[in-house]
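Scroll down for the structure; my scribbles are underneath it.
Here, each number is a calculation from the coordinates, and none is a lab measurement. Keep in mind that this is a model prediction, so the values were computed, not measured. Cβ coordinates were reconstructed from backbone atoms using ideal geometry, including for glycine residues, and neighbour counts include every protein chain displayed.
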Amino acid sequence: MIPALMPTYNRADLAFERGEGAYVWTDAGRRFLDFGSGIATSSLGHGHPHLVKAIAEQAARVMHVSNLYRVPQAEKLAARHVAASFADSVFFCNSGAEANEGMVKAVRKYHAENGHPEKFRMICFEGAFHGRTLAMLSATGNEKYLAGFGPAVEGFDHVPFGNMNAVRDAITPATAGIMIEPVQGEGGVRPADLRFLRELRAVCDEFGLLLALDEVQTGMGRSGKLWAHQWAGIEPDVMSSAKGIGGGFPLGAVMAKEAVAKHLKPGTHGTTYGGGPLACAAGNAVLDVVLAPGFLDQVDRVARHLWRGMLALAERHPRVILGVQGAGLLLGLRLVPEVSNGAMQAQCVEEGLLTVAAGMNVLRVAPPLIITETEVDEALAALDRACLALTPAEALAPAK
Ligand SMILES: *Cc1c(COP(=O)(O)O)cnc(C)c1O
């Protein structure tokens, strides 16, 4: 018989009862170091006192009022995001896929309002992940995810990640914008070359296209800067965010330049839950922590420590690890074909460490932003034990 909870996930047989900082405990009392952060989402770790207090206080005061009224918590959060980023205006929603839908709608609306309704197509990239709604399945373009759900939504063209010639070749009079993750997360923790991002900005300017960045996974400090595109020294026209911005509370955002945002007038886009008092109280609490002086510097420091440690692991375990890739606290171990990332993830669980598998046989490591060097060392030791346990047998045999 089918489980009451629809079986859309292959879940590990672990149920967590409580968490504190970078650690979580199962109902059976097993302790884990959480280097998955619930897929790069629990940015402040578990039970962060400031976030917990903000949510509890707001929940007791007023949780939901709808967007028929002013929401001071949302006004404040939007103003702070505007002050800290390229954006002039912010739309709040509840998830990454929803933020991306809003972003693509904003891009299409911009061209339509500027007299070019024929410009509606987005250039997207192979290996991308943009979410599970019907349109975002098409933006993602992964045949496996699209299968069985009818015809793909029109308007998304895919080119190889990092290939500027392919991007130029894909531009037609119907092209509206370019949509890209600065680091492909689900696709395998693949960072875009910073020069490639700059070239995309330039090609958008040359052809009057909008640069639409999906920073759902890379944003909110995960790269060591507030937004990953800052490493390239560029600004997008519009950007989506979610995952880390609510610290585990569902919150998404479409952030845009005025030229784009001004066309989303009353009636053009909406949400019942989005930008509610509770979610925005969580968002403000996360910003309090992430924007505090020195916080992102510490993220960058601890991320470099993790990066060096992972490089050392790769050197020590060439029969298991092919390479290390990613940015900031979104890193991946590219594994040899003989060792599946699923097996590695399961072995890490045995060693007391939570990680997340990603595409291209990569083991993704995305700890909460509040981790310390000591916790990184603990995770590296667990990864080292997992590598030893999974080293193919013949590799351990003495050389002849
Ligand atoms: C997770 C993710 C999404 C989808 O977010 P949901 O909240 O699951 O809808 C979209 N884009 C990127 C880059 C993501 O990592």
* Asked: Ordered by residue, what ³J(HN,Hα) values in Hz, to whole numbers, does the stretch 33-46 give under the Karplus form 6.51 cos²θ - 1.76 cosθ + 1.60, where θ = phi - 60° and Gly and Pro are x?
  -> 8, 8, 9, x, 6, x, 6, 6, 10, 6, 5, 9, x, 9
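Could you grab the relative contact order for the chain? Cα pairs under 8 Å, six or more apart, rounded to a whole percent.
Values: 812 pairs, mean separation 89.3, N = 400.
That works out to 22 percent.
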* **Label-point separation in nm, Asp300 to Arg195, each point 7 Å along Cα→Cβ** => 2.3
* In degrees from 0 to 90, rounded to the nearest 10, what is the angle of the helix 194-207 Cα long axis to the longest principal axis of the chain? -> 20
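For the stretch 281-335, what relative contact order do you get, as a whole percent, if you take Cα pairs closer than 8 Å and at least 6 residues apart?
25 percent.
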* **Cβ crowding within 10 Å averaged over residues, with 137-146, 324-333, 281-290 ranked highest first** => 324-333, 281-290, 137-146
* To do: Compute the normalised compactness of the stretch 287-337: alpha-carbon radius of gyration over 2.2 N^0.38 Å, N being the residue count.
  => 1.41
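May I ask you to sort Thr391, Thr268 by Cβ crowding, counting other Cβ atoms within 10 Å and putting the fewest first?
Details: Thr391 17, Thr268 11.
Listing Thr391, Thr268 from fewest to most nearby Cβ atoms yields Thr268, Thr391.
Multiply the residue separation of Leu322 and Asp169 by 0.36 nm, subtract the distance between their alpha-carbon atoms, and state the gained length in nm to one decimal.
Working: separation 153, 0.36 × 153 = 55.08 nm, distance 3.23 nm.
The Leu322-Asp169 span can extend by a further 51.8 nm.
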* Asked: Taking amide hydrogens as modeled 1.01 Å from N in the peptide plane, which residues meet the under 5 Å criterion relative to Phe125, leaving out close sequence neighbours?
  -> Val159
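Ranked highest first by the average count of other Cβ atoms within 10 Å around their residues, in what order do 156-162, 244-250 fall? Don't jump to the answer; show the numbers that get you there.
Working: 156-162: 18.6, 244-250: 25.3.
Averaged packing, sorted descending, gives the order 244-250, 156-162.
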* To do: Tell me the label-point distance for the pair Ala202, Met63, using the 7 Å Cα-to-Cβ offset, in nm and rounded to one decimal.
  => 5.2
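What FRET efficiency would be calculated for the residue pair Leu5, Ile39, taking the C-beta separation as r and a Förster radius of 22 Å, to the nearest 0.05?
Details: r = 18 Å, r/R0 = 0.82.
Efficiency computed from Cβ-Cβ geometry: 0.75.
With +1 on each Lys and Arg Cβ and -1 on each Asp and Glu Cβ, how big is the dipole of the chain about its Cα centre, in debye rounded to the nearest 20?
Values: 36 positive and 41 negative charges, 71 e Å.
That gives the chain a dipole magnitude of about 340 debye.
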* Asked: Distance in nm between label sites at Glu338 and Thr268, each 7 Å beyond Cα in the beta-carbon direction?
  -> 5.7
* Where in the stretch 1-37 are there trypsin sites (Lys or Arg not before Pro) that are in a DSSP coil and have at most 16 other Cβ atoms within 10 angstrom of their Cβ? -> Arg11, Arg30
* To do: Which order do the peptides 366-375, 212-221, 291-300 take when ranked by the mean count of other beta-carbon atoms within 10 Å per residue, highest first?
  => 212-221, 366-375, 291-300
* When the convex hull of the C-alpha atoms of the chain is computed, what volume per residue in Å³ does it have? -> 168
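If I take R0 = 41 Å and measure r between the Cβ atoms of Leu14 and Ala83 in this structure, what FRET efficiency does the formula 1/(1 + (r/R0)^6) give, to the nearest 0.05?
Once the sixth-power term is evaluated, E becomes 0.55.
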